[in-house]
Amino acid sequence: MHGLAGCKSRLRVACGLALSGFTLLAWRPQAAWVVSCFGDSHTEGIYGAPWVPDLQRRLRVECRNFGRNAWTAASVARRADAAPGGEEAVVLAGTNDALLELAWRAGNQGMLSIYRALNQLPADYQPSQEAFAASFRHLLQAVKASRVAVLSLPPLGEATSGEAAEVIASYNRQLRDVVQSDPRAQYVPFAEHLEGVSGEGFDASSAAFSQTIAQMYLHTGLRWLPGGPSFDSLAQRCGREVVHDKIHLTEKSAGTLLELVAGTLGRDVLSPTRLPSESR
């Protein structure tokens, strides 16, 4: 009887786990399928709202985060070249290339020197849309995946006109052209689905950029305090909606990204007919 009681007890525990843990088990990543996410701070998800963990829960497959703050497309390409392959990939890179060009136009030598050093760029590197296109082409070639979702770049500031808006628009045109040359790649119109409310432009001069970085650190510190305000809330305090510090994504923007990527890499498309573990 003691053995039977023990069996019943274990059965109740098993049933309880099956019921209470159903939601958890439902989204556990399947080791047979991997989505590699490459990019800069937008992908890393510290200074702006994280989206890679939500993508993993949404697609129910493993999503690996290969994002790093301050990386240009050239640095992301090196990371992609060294990274293991995956079935699918997401690429969001180029914001720092655009920042470099804006800094160069504004004569911000300090920012240029820092970004060149962080990205192992030559001291005489001159940023341009042509240089970005060449780097992004190399990046796309370095990504080891059968299908690649390439996101257009979000705005710097929230103005729809002005120098920063023009640079971002030109870089997104370059992205679209590069994507069209690779049959694995699909252009995802992320920027085209974002609509700012503040109308603020972006100033890459030394003084203005220093203020932007200071706000970035302030917002990030507040956001990750226990019970801290969301990036959405911090953006609203500044009259913004898309980018909380004129560079990094709010939760609302990250949600738009998530919907677009999930729609591109849909679960029905991602799921193989037979997983490797099932074919044995």
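General remarks:
- Qualifying residue in segment 52-62 (condition: under 13 Å from the mean Cα position of the chain (by Cα), modelled with pLDDT of 95 or more and over 22 Å from Thr250 (Cβ atoms)): no
- Search result, residues across segment 230-250 that are part of a loop (DSSP other than H, G, I, E, B) and either hydrophobic (A, V, I, L, M, F, W, C) or closer than 19 Å to Thr43 by Cα (or both): Ser230, Cys238, Glu241, Val242, His244, Asp245, Lys246, Ile247, His248, Thr250
- Counted residues, segment 119-139 - those being of a type outside the set (S, T, N, Q), in contact with a helix residue (DSSP H, G or I) (Cβ under 6 Å, 6 or more places away or on another chain) and closer than 29 Å to Val35 by Cβ: 6
- Some residue of segment 46-60 being under 21 Å from Trp224 (Cα atoms) and touching a Lys or Arg at 6+ places or on another chain (Cβ under 6 Å): no
- Against the list (1) under 22 Å from the mean Cα position of the chain (by Cα); (2) farther than 27 Å from Ser113 by Cβ, the condition Ser198 fails is (1).
- When residues of segment 112-163 are limited to those that are free of Cβ contacts under 8 Å to residues at least 40 places away in the same chain and touching a Ser or Thr at 6+ places or on another chain (Cβ under 9 Å), the one surrounded by the fewest Cβ atoms within 10 Å (Cβ to Cβ): Ala123
- Flag if Ala123 is in a loop (DSSP other than H, G, I, E, B) and in contact with an Asp or Glu (Cβ under 8 Å, 6 or more places away or on another chain): no
The values are calculated or read from the model by the stated rules, or taken from the named source; none is laboratory data. All of these numbers come straight from a predicted model, not from anything done at the bench. Here the Cβ is made from the backbone with ideal geometry for all residues, glycine too, and neighbour counts use every protein chain on show.
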